[in-house]
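The values are calculated or read from the model by the stated rules, or taken from the named source; none is laboratory data. No experiment lies behind these values; they were computed from the predicted model shown. Because the Cβ atoms are built from the backbone with ideal geometry, glycine has one as well, and the counts that use them run over all protein chains shown.
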2 protein chains.
Amino acid sequence: MGKPAKQHGKLFLPDIEFYYVKDIEARCLASLLGIAESMYNQMKEGRVPELKIATRTKYNIEYNEDSEVWVYGDRRSVRSAKTVKGAYMLLRMAYVIGFLKEQLNANKSSTLRELYYISENWGMAKFNEQQESDRLVEDLEILTAFQREHFHIRPEEDGATVIGPLRIREETRRGMREIHCQDDVGEGGYQIPVNVDKIEFVDHDAKFVIAIETGGMRDRLVENGFDEKFDAIIVHLKGQPARSTRRLLRRLNTELGLPVVVFTDGDPWSYRIYASVAYGSIKSAHLSEYLATPAAKFVGIRPSDIVKYELPSDKLTDQDIKALNAILQDPRFNTEFWKKEVTLQLELGKKSEQQALAKYGLDYVTDVYLPERLTELGII
Amino acid sequence: MGKPAKQHGKLFLPDIEFYYVKDIEARCLASLLGIAESMYNQMKEGRVPELKIATRTKYNIEYNEDSEVWVYGDRRSVRSAKTVKGAYMLLRMAYVIGFLKEQLNANKSSTLRELYYISENWGMAKFNEQQESDRLVEDLEILTAFQREHFHIRPEEDGATVIGPLRIREETRRGMREIHCQDDVGEGGYQIPVNVDKIEFVDHDAKFVIAIETGGMRDRLVENGFDEKFDAIIVHLKGQPARSTRRLLRRLNTELGLPVVVFTDGDPWSYRIYASVAYGSIKSAHLSEYLATPAAKFVGIRPSDIVKYELPSDKLTDQDIKALNAILQDPRFNTEFWKKEVTLQLELGKKSEQQALAKYGLDYVTDVYLPERLTELGII
């Protein structure tokens, strides 16, 4: 195998080094306990405790020139024990911090769902629905500038599979494992773990990364040997990608310096999949610098492709039209390319799927469509 | 590693031997061409061609004593070129058989979605929607008694992941791979391929197989080392299991003689997940003898557990109540156990999730709940 992986290139907040996972967790715990300490001190000084936290709406999203991603702006809202609602919120936060402290000390982890059920025994601090506990975990992410993965809180969602000329090292409960993502896996590929920071890149022979929306198209590229022919790492997004998948793509881009392209269907939901990879999402803008890959290029089906390739298409639904109009207002899509394509799509009234390319045979996508587009973009 | 895998135990129709995949495909192709030949001969004899095919409704489902699964009965419906609809159907079938012949000869495969798009160039034989082509592939499965996997038609759905003391051998495009599902994989486990018959079991140290509905619970068992402590193979069902997942469970049960238990939430949708593993589904009753594991035991959350363990619960929705009443009428659930539990659930008006056990801490499920239930069932 060729190039050794760069020893962790430039990363933004917080700066993660694989070998210091334990150290990160110590800092993360200190940061969590700092929140509890702040509440305690406020009370000791005879003040009603409060916390200030970034407002999470699209009115508080701004573009960061340095990191090229969208992050939260300066607007803050206050959670104060002056109101009953605020007091409950701070009480629950104290319980959650206590639970996370225990969990980190025992080197255990739990899901967002489990955390919700664990609160059953917290008396007045019990959550009424999971949305509340999920949101509180987000609050803690924003307050500490760490990620829930560092708190050892796992999502339910399933991460991506990877196939391609890449060798990784993963820290498992049975020790370190070195796995080559072509030679040591089956046709299903390497299943990435929930916490992608437990993976280290060892070496690779790849020229770029292609992230694919649907399983059918992922299997098509694998069957046609696209990874071997074009030295590509194939990542299956499985629809709207999990955080771990987005984190992996960012790491492949920033640490290995590999271009990332995103191959999706040609409809507004798919453009949002691309946007969540490239620019981050409003819901997790506090993590954009950790999860987003601003350099990611869109190689999905374009509205102009529907005309150019005479692709089989479906009529836009009312929901599609609404979503396309929302995209025209979305700051993340404020470019000539997207304005032109989305406007064209609204005129055409049509959408197409990536598998529609099968109209020209099973090899068309790997022999013609992708090579043409990747050449245009200067990737191959 | 201990026991070598039995060289393929008793299997029902068609009898599959790993080393004869090519031979199976030859027989499958012959069977497909036989359908076309039959149409041709009917026309040559001056008759209007027709096909007889099993009716796929719940009124044509019957229990097969030998194989212990539900299969289609004797009712047949006729597709005849006497009607325009029937003529189209036979024309499309001829085209699909032609496409499958080419595909099998070239050793390629395609998805159900791709097949639909490929028909774009078939003139009058073009499908109007994917449902039509999906159904035609089912017709071909019933007519040939082969599976779409043998036609090299892949689904979109994602198969299970496996972790546990099992060594498999998989035929990949890069040659044979031997993979131990604990030692050679990351925490995400081994991702099974779409066609499970490309896997061979080499050896194992397992006492049983546990199939789990949710990712959160699967990760819980892995983190708690359940596979190591109890010599268990952990399979993630990912909700309603894909065909490949059900095929894998059946093969683990019949070829390795391992008991299979299914661990789900306590609601009607989860009982259906169990039923589709154990008894097969109405939609694919022609494949029950290939996909179902009649010996599979339910270890999911029972309505009586909600009372016994005072589990956190949610109110049944109207949909839930409707589904529970349907289960009381479903022949697959016609046992004392299910009648009692489902009736109790309707009285309680409640449902609980498997992760609700976290109320008693993160280890309760692996230290108390599952060991108790598995002991009751004589599995451990």
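Give the number of residues within the range A:161-178 that are without any contact (Cβ under 8 Å) to a residue 60 or more places away in the chain and surrounded by fewer than 20 Cβ atoms within 10 Å (Cβ to Cβ).
Keep residues of the range A:161-178 that are without any contact (Cβ under 8 Å) to a residue 60 or more places away in the chain, which gives A:168-170, A:172-178.
Right, trim to surrounded by fewer than 20 Cβ atoms within 10 Å (Cβ to Cβ) and you get A:169, A:172-178.
Adding up the residues that qualify gives 8.
Scan the range A:156-179 for residues that are closer than 15 Å to A:V222 by Cβ and outside any loop (DSSP other than H, G, I, E, B) and jot them down.
Applying the first criterion (closer than 15 Å to A:V222 by Cβ) to the range A:156-179 yields A:160-166.
Listed by number, the residues that qualify are A:T161, A:V162, A:I163, A:L166.
Looking for whichever is free of Cβ contacts under 8 Å to residues at least 24 places away in the same chain and hydroxyl-bearing (S, T, Y) here; the options are A:T245, A:T317. Which one fits?
Details: A:T245 fails: free of Cβ contacts under 8 Å to residues at least 24 places away in the same chain.
Result: A:T317 is the single residue among A:T245, A:T317 that is free of Cβ contacts under 8 Å to residues at least 24 places away in the same chain and hydroxyl-bearing (S, T, Y).
Applying the selection to the range A:310-331, what residues are on the phi < 0 side of the Ramachandran plot, over 26 Å from the mean Cα position of the chain (by Cα) and assigned to a loop (DSSP other than H, G, I, E, B)? Before the answer, list the steps.
Quick first cut of the range A:310-331, residues on the phi < 0 side of the Ramachandran plot only: A:311-331.
This time we only want the ones that are over 26 Å from the mean Cα position of the chain (by Cα), so: A:311-318.
Result: A:L311, A:P312, A:S313, A:L316, A:T317.
Testing A:T55 on (1) polar (S, T, N, Q); (2) at pLDDT below 90; (3) out of contact with any Lys or Arg (no Cβ under 7 Å at 6 or more places or on another chain), one condition comes back false. Which one is that?
Here A:T55 meets the rest and fails (3).
Being in a strand (DSSP E or B), under 20 Å from the mean Cα position of the chain (by Cα) and either crowded, with 23+ Cβ neighbours inside 10 Å or more than 12 Å from chain B (Cβ to nearest Cβ) (or both) narrows it down to one residue among A:I273, A:I233; which is it?
Details: A:I273 fails: in a strand (DSSP E or B).
The unique qualifying residue is A:I233.
Restricting to the range A:184-195, and then to whatever is at the interface with chain B (Cβ under 7 Å from one of its Cβ atoms) and outside any strand (DSSP E or B), can you tell me which residue is surrounded by the most Cβ atoms within 10 Å (Cβ to Cβ)?
Residue satisfying both the conditions and the ranking: A:I192.
Identify the residue in the range A:151-183 that is more than 20 Å from the chain's Cα centre (by Cα) and within 8 Å of another protein chain (Cβ to nearest Cβ) and, among all such residues, is farthest from A:Y116 (Cα to Cα).
If we take residues in the range A:151-183 being more than 20 Å from the chain's Cα centre (by Cα) and within 8 Å of another protein chain (Cβ to nearest Cβ), then A:D183 is farthest from A:Y116 (Cα to Cα).
Looking only at the range A:218-230, count every residue that is at the interface with another protein chain (Cβ under 10 Å from one of its Cβ atoms) and in contact with an Asp or Glu (Cβ under 9 Å, 6 or more places away or on another chain) and tell me the total.
5
What about B:A206, is it in the same structural domain as B:T366 (by TED's automatic domain parsing) and in a strand (DSSP E or B)? Write out each step before concluding.
On the way: in the same structural domain as B:T366 (by TED's automatic domain parsing): yes; in a strand (DSSP E or B): no.
No, not satisfied.
Would it be correct to say that B:V299 is surrounded by fewer than 19 Cβ atoms within 10 Å (Cβ to Cβ), hydrophobic (A, V, I, L, M, F, W, C) and at pLDDT 95 or above? Give the derivation first.
Values: surrounded by fewer than 19 Cβ atoms within 10 Å (Cβ to Cβ): no; hydrophobic (A, V, I, L, M, F, W, C): yes; at pLDDT 95 or above: yes.
It is false that B:V299 is surrounded by fewer than 19 Cβ atoms within 10 Å (Cβ to Cβ), hydrophobic (A, V, I, L, M, F, W, C) and at pLDDT 95 or above.
Could you list all residues from the range B:196-214 that are within 10 Å of chain A (Cβ to nearest Cβ) and modelled with pLDDT under 90? Show your work before the answer.
First pass over the range B:196-214, keeping only residues within 10 Å of chain A (Cβ to nearest Cβ): B:198-199, B:214.
If the condition is that a residue be within 10 Å of chain A (Cβ to nearest Cβ) and modelled with pLDDT under 90, then B:K198 is the only one that fits.
Could you look through the range A:247-270, keep only residues that are among the charged types (D, E, K, R) and at pLDDT 95 or above, and pick out the one that is surrounded by the most Cβ atoms within 10 Å (Cβ to Cβ)? Explain how you work it out, then say what you get.
So the first thing to find is which residues in the range A:247-270 are among the charged types (D, E, K, R), and the list is A:247, A:250-251, A:255, A:265, A:267.
From the residues that got through so far, the ones that are at pLDDT 95 or above too are A:250-251, A:255, A:265, A:267.
On the way: A:R250: 26, A:R251: 23, A:E255: 18, A:D265: 20, A:D267: 24.
The residue in question is A:R250.
Mind listing just one residue for me: the one in the range A:138-150 that is part of a loop (DSSP other than H, G, I, E, B) and not charged (D, E, K, R) and, of those, farthest from the other protein chains (Cβ to nearest Cβ)?
Selected residue: A:A145.
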